[in-house]
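In what follows, a structure is listed as structure tokens, so that the remarks can point back to it.
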Amino acid sequence: MAVRQSPLEDLVAMPTSARVCDFLVIGAGIVGMSVARELALRQPGASVTVLEKEPTVGGHASGRNSGVIHAGFYYTADSLKARFTRDGNVALKAFCAARGLCINPCGKLVVARNEDELAVLELLLERADRNGVRLFRVTEAEAKAIEARVKTCGTALFSPDTASIDPLEVLGAMTDAAREAGVRVLTSTRYLGRENGGVRTSQGVHGARYVINAAGLYADKVARDFGFSKNHYLLPFKGLYLYADPSMPPLATNVYPVPNLANPFLGVHFTVTVDGRTKIGPTAIPCFWREQYGWFENFDAREFGEILLRELALFTGANFNFKGLAFEELRKQFRPHIVGLAGELASGIHPEQFRKWGRPGIRAQLVNAASHTLEMDFLIEHDNRSLHVLNAVSPAFTCSIPFAAHIVDTILSATR
Ligand SMILES: Cc1cc2nc3c(=O)[nH]c(=O)nc-3n(C[C@H](O)[C@H](O)[C@H](O)COP(=O)(O)OP(=O)(O)OC[C@H]3O[C@@H](n4cnc5c(N)ncnc54)[C@H](O)[C@@H]3O)c2cc1C
């Protein structure tokens, strides 16, 4: 058996009808699926099951993101994000190539809207250097040679390794790869709570020697059932996208502003999709319940009360300008405003060219309850029975393969 010191006493207490596996993963997003595949590959003979509450995979962040394979120059060298983005960029591209998936190697320009932002460009160059990532300083003329409409204050940065993929296609391929490695994926099966030696689900009890919680927007709730996430809670932030009309000539490359490095969001930018379309976004609008994709979609009164109280507390008690962030992000759902912000990055951008809102995605952003700050890096908590992925925010899609390898290393050393 793959995992030694198994909690046999608990398994003996399980109903005989319960299904038992070695590793039970909650959540079939890119993180859960990559971890399941990695476990099955590294522990041949072990049984790995993934539970997904939706009827198909990709219903949440992993199927609703920007589809950018990031390069890894935003993050400080000591972070998990820095290491996993650099390695994940290479690994995910190799995975896509091996599976014949589309990649648009369109690169990315980071532009400065004023002279004050030039210092941040220099800081990003330093971070790229420390992280071992290719990033080039280019003149305004060189930037315009890459994309003629781009606007910048004298200098810009060009990342040749940034690329675009179709996240749903990649998640579908990762699911196939996991199944080929022997993973069982059970859709329409919702985790409901912890049970002795396993979990209770909408389809009965599942015994498990080790539980991996990759439940995205619900990861903090699941973690609390296992005694984790005591100092953290998740807040949902909605990312809206606005698509360019087919009549507008598409941009040649992704164009991003200099980010505010104090928060984990990258600001309104242009993304080039895998099939070459241009979109603006995503926003980071605080939601009032976890899966609030539309105004009243998936309304949950309990979540509404809980999240409203947390957001109100952050209005006054946050160690960052939550109030300013919330109001600024809320304004971005007005088309002329968000198009106006994008227009600071490129010329000839008008609201009438951007009329179609795309499928929004919601970020599961972790908040530190003690310091009242947004956690910037990935966070996992674990013991020898369960592991909880608590802050799988952007760019966890890019990072999924090395992140999964790190999680599996952690599990195997905890259960040795
Ligand atoms: C708007 C937006 C843009 C982004 N852009 C990028 C980008 O360009 N590049 C990049 O690298 N990253 C990007 N990200 C980040 C990336 O999408 C996420 O970090 C990643 O998808 C997280 O994967 P996950 O598996 O943790 O979560 P998810 O994809 O949310 O998966 C969690 C799964 O758990 C399931 N689940 C939850 N509760 C239960 C339960 N009780 N029982 C059973 N199943 C359950 C859910 O249904 C869901 O399928 C973006 C994210 C957003 C929201």
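The values are calculated or read from the model by the stated rules, or taken from the named source; none is laboratory data. The structure displayed is predicted, hence computed values, not measured ones. Positions of Cβ are generated from backbone atoms using ideal geometry, with glycine treated the same way; all protein chains shown enter the neighbour counts. Areas reflect the complete protein model, heavy atoms only, side chains present, ligands, DNA and RNA absent. Shrake-Rupley method; radii C 1.70, N 1.55, O 1.52, S 1.80 Å.
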Q: Within the range 360-391, track down each residue that is modelled with pLDDT of 95 or more, in a strand (DSSP E or B) and over 17 Å from Ile307 (Cβ atoms).
A: Gly361, Ile380, Glu381, His382, Ser386, Leu387, His388, Val389
Q. Taking the stated definitions as given, is Ser47 more than 12 Å from the ligand (Cβ to nearest atom) and either among the hydrophobic types (A, V, I, L, M, F, W, C) or touching a strand residue (DSSP E or B) at 6+ places or on another chain (Cβ under 9 Å) (or both)?
A. yes
Q.
If I ask for residues that are of a type in the set (Val, Ile, Thr) and over 23 Å from the mean Cα position of the chain (by Cα), which ones from the range 88-137 would you list?
A. Val111, Val120
Q) Before we move on, is Ala219 near the ligand (Cβ under 9 Å from one of its atoms) and open to solvent by less than 10 Å² (accessible area, probe 1.4 Å)? A) yes
Q. Can you name the residue in the range 50-68 that is within 6 Å of the ligand (Cβ to nearest atom) and among the hydrophobic types (A, V, I, L, M, F, W, C) and, of all such residues, is farthest from Arg200 (Cα to Cα)?
A. Val68
Q) Gly361 versus (1) within 30 Å of Phe23 (Cα to Cα); (2) surrounded by fewer than 21 Cβ atoms within 10 Å (Cβ to Cβ): which is the lone unmet condition? A) (2)
Q) Which residues, taken from the range 318-352, are away from the ligand (no atom under 16 Å from the Cβ), assigned to a helix (DSSP H, G or I) and among the charged types (D, E, K, R)? A) Lys323, Glu328, Arg331, Arg335, Glu352
**Q.** Pair list, Cβ < 9 Å and 6+ apart or interchain, from the range 376-392 residues that are in contact (Cβ under 8 Å) with a residue 40 or more places away in the chain to residues that are acidic (Asp, Glu) and open to solvent by less than 10 Å² (accessible area, probe 1.4 Å)
**A.** His388/Asp220; Leu390/Asp220
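Restricting attention to the range 139-161, which residues are under 29 Å from the mean Cα position of the chain (by Cα) and crowded, with 16+ Cβ neighbours inside 10 Å?
Ala143, Ile146, Glu147, Val150, Lys151, Thr152, Ala156, Leu157, Phe158, Ser159, Asp161
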Q. Only one of (1) among the polar types (S, T, N, Q); (2) within 21 Å of the chain's Cα centre (by Cα); (3) open to solvent by 10 Å² or more (accessible area, probe 1.4 Å); (4) closer than 30 Å to Thr155 by Cα is not met by Asn321, so which one is it?
A. (2)
Q: Quick one: count up the residues across the range 279-331 that are without any contact (Cβ under 8 Å) to a residue 40 or more places away in the chain and basic (Lys, Arg).
A: 3
Q.
Can you say whether Lys81 is out of contact with any Pro (no Cβ under 6 Å at 6 or more places or on another chain), of a type outside the set (Asp, Glu), within 14 Å of the ligand (Cβ to nearest atom) and under 15 Å from Ala396 (Cβ atoms), as far as the supplied structure shows?
A. yes
Q: Need at least 3 residues that are modelled with pLDDT of 95 or more per element, so show me which helices (runs of 4 or more DSSP H) inside the range 1-106 make the cut, counting only ones lying wholly within it.
A: 30-42, 80-98
Q) Only one of these conditions is not met by Ala262: (1) open to solvent by less than 20 Å² (accessible area, probe 1.4 Å); (2) among the aliphatic types (A, V, I, L, M); (3) closer than 30 Å to Phe304 by Cβ. Which number is it? A) (1)
(Q) Which pairs turn up if I take residues in the range 217-244 that are on the phi > 0 side of the Ramachandran plot and look for partners that are charged (D, E, K, R) and within 13 Å of the ligand (Cβ to nearest atom) with beta carbon separation below 9 Å, at least 6 apart in sequence or on another chain? (A) Ser229/Asp220; Ser229/Lys221
Q. Given Arg310, Arg355, which one is assigned to a strand (DSSP E or B) and more than 18 Å from the chain's Cα centre (by Cα)?
A. Arg355
Q) Can you pull out the residues in the range 241-274 that are within 14 Å of the ligand (Cβ to nearest atom) and more than 23 Å from Lys151 (Cβ to Cβ)? A) Pro264, Val274
Q) For the range 381-406, what are the residues that are hydrophobic (A, V, I, L, M, F, W, C) and within 11 Å of the ligand (Cβ to nearest atom)? A) Val389, Leu390, Ala392, Val393, Ala396, Phe397, Cys399, Phe403, Ala404
